[in-house]
Amino acid sequence: MRLKIFRVLLFLFGMIICLPIIAVVLGSLKSGKELSDALSAIIGATGGSVQWHLLPLYPTGMHFIKLLFYTPEFFTVFWNSMKLVGCILLGQMFVAIPAAFGFSRFSFRGKYALFLSYVILMLMPFCVLMLPSYLVLKGMHLMNTHWSIILPAVFSTFPVFIMYRGFAAIPKELYEAAKIDGAGDWQTFIRIGIPLGSPGILSALVLGFLEYWNMVEQ
């Protein structure tokens, strides 16, 4: 009985959290006149209160038709976003995965100091790094190109930190067993590290996609 009540409460809380998203999706199906009438208190500054109905009175798909068929600029923006996010995530996989595996697998002088610098850089807000990034990119003659957005994000420290925890959770005995069987570091990385560290890699991919799809300041 308690379990059923708990599930009902979770469902209700979930619906409350999803309500703004549902309102946005259903609002996109409203006609222009219905939207203007509902939001006239905000858009027209006429005073009063917003009269918002969750379900559209006269559903229409004209907004989507106008966007997809009569606004070619949308596709330029969309594919530019796809290009940037795809290149950033692909580059991070080539850079962050070996770096995180190296931090978790090997011991070398200055390892903890270097990893601490990674954490410090991760905690710095973009407004602090904006000026030095601009000066470096200008010196490399990359301004006004997509590379000025892609390269700084590819070498971000955040995915290394996320993946490091996944690789560090792999038992060292597995690496030792693989070494006894004759596997080298590269084979250990490919056949043990990546498969068992995949939860951290997927987490970094999902969080990275959400971050870079919505980035504005860069």
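The values are calculated or read from the model by the stated rules, or taken from the named source; none is laboratory data. Only a predicted model underlies this, so the values are computations on that prediction, with no experimental measurement involved. Counting neighbours? That spans all protein chains shown, and the Cβs are built from the backbone with ideal geometry, glycine included. With ligands, DNA and RNA removed, areas are computed over all heavy atoms of the protein, side chains included. Shrake-Rupley method; radii C 1.70, N 1.55, O 1.52, S 1.80 Å.
Would you check which residues across the range 100-119 are in contact (Cβ under 8 Å) with a residue 40 or more places away in the chain and either open to solvent by 40 Å² or more (accessible area, probe 1.4 Å) or over 14 Å from residue 165 (Cα atoms) (or both) and list them?
Listed by number, the residues that qualify are 105, 118.
Could you please let me know if residue 16 is without any contact (Cβ under 8 Å) to a residue 12 or more places away in the chain, under 27 Å from residue 209 (Cα atoms) and not in a loop (DSSP other than H, G, I, E, B)?
Yes, satisfied.
Taking the condition in contact (Cβ under 8 Å) with a residue 12 or more places away in the chain, under 18 Å from residue 84 (Cα atoms) and not basic (Lys, Arg), does residue 149 pass?
In short, yes.
I'd like to check something: does the range 49-62 contain any residue that is at pLDDT 80 or above, of a type in the set (Val, Ile, Thr) and within 28 Å of the chain's Cα centre (by Cα)?
no
When only residues in the range 173-218 that are within 26 Å of the chain's Cα centre (by Cα) and of a type in the set (Ser, Thr, Tyr) count, which is least open to solvent (accessible area, probe 1.4 Å)?
Within the range 173-218, the match that is least open to solvent (accessible area, probe 1.4 Å) is 212.
For residue 145, work out the one condition from (1) open to solvent by 60 Å² or more (accessible area, probe 1.4 Å); (2) not hydrophobic (A, V, I, L, M, F, W, C); (3) not in a helix (DSSP H, G or I) it doesn't fulfil.
(1)
Can you say whether residue 163 is touching a residue at least 40 places away in the same chain (Cβ under 8 Å), out of contact with any Lys or Arg (no Cβ under 6 Å at 6 or more places or on another chain) and either in a helix (DSSP H, G or I) or open to solvent by 30 Å² or more (accessible area, probe 1.4 Å) (or both), as far as the supplied structure shows?
Yes: the conditions hold for residue 163.
Hey, residue 170 hits all of (1) open to solvent by less than 50 Å² (accessible area, probe 1.4 Å); (2) free of Cβ contacts under 8 Å to residues at least 60 places away in the same chain but one; which does it fall short on?
Of (1) open to solvent by less than 50 Å² (accessible area, probe 1.4 Å); (2) free of Cβ contacts under 8 Å to residues at least 60 places away in the same chain, only one is false for residue 170: (2).
For residue 113, all conditions in the list (1) at pLDDT 85 or above; (2) over 19 Å from residue 168 (Cβ atoms); (3) more than 19 Å from the chain's Cα centre (by Cα) hold save one; what is the number of the exception?
If we test residue 113 against (1) at pLDDT 85 or above; (2) over 19 Å from residue 168 (Cβ atoms); (3) more than 19 Å from the chain's Cα centre (by Cα), just (2) comes out false.
With the checklist (1) open to solvent by less than 80 Å² (accessible area, probe 1.4 Å); (2) over 30 Å from residue 186 (Cα atoms) in hand, flag the one item residue 25 doesn't pass.
(1) is the only condition that residue 25 fails.
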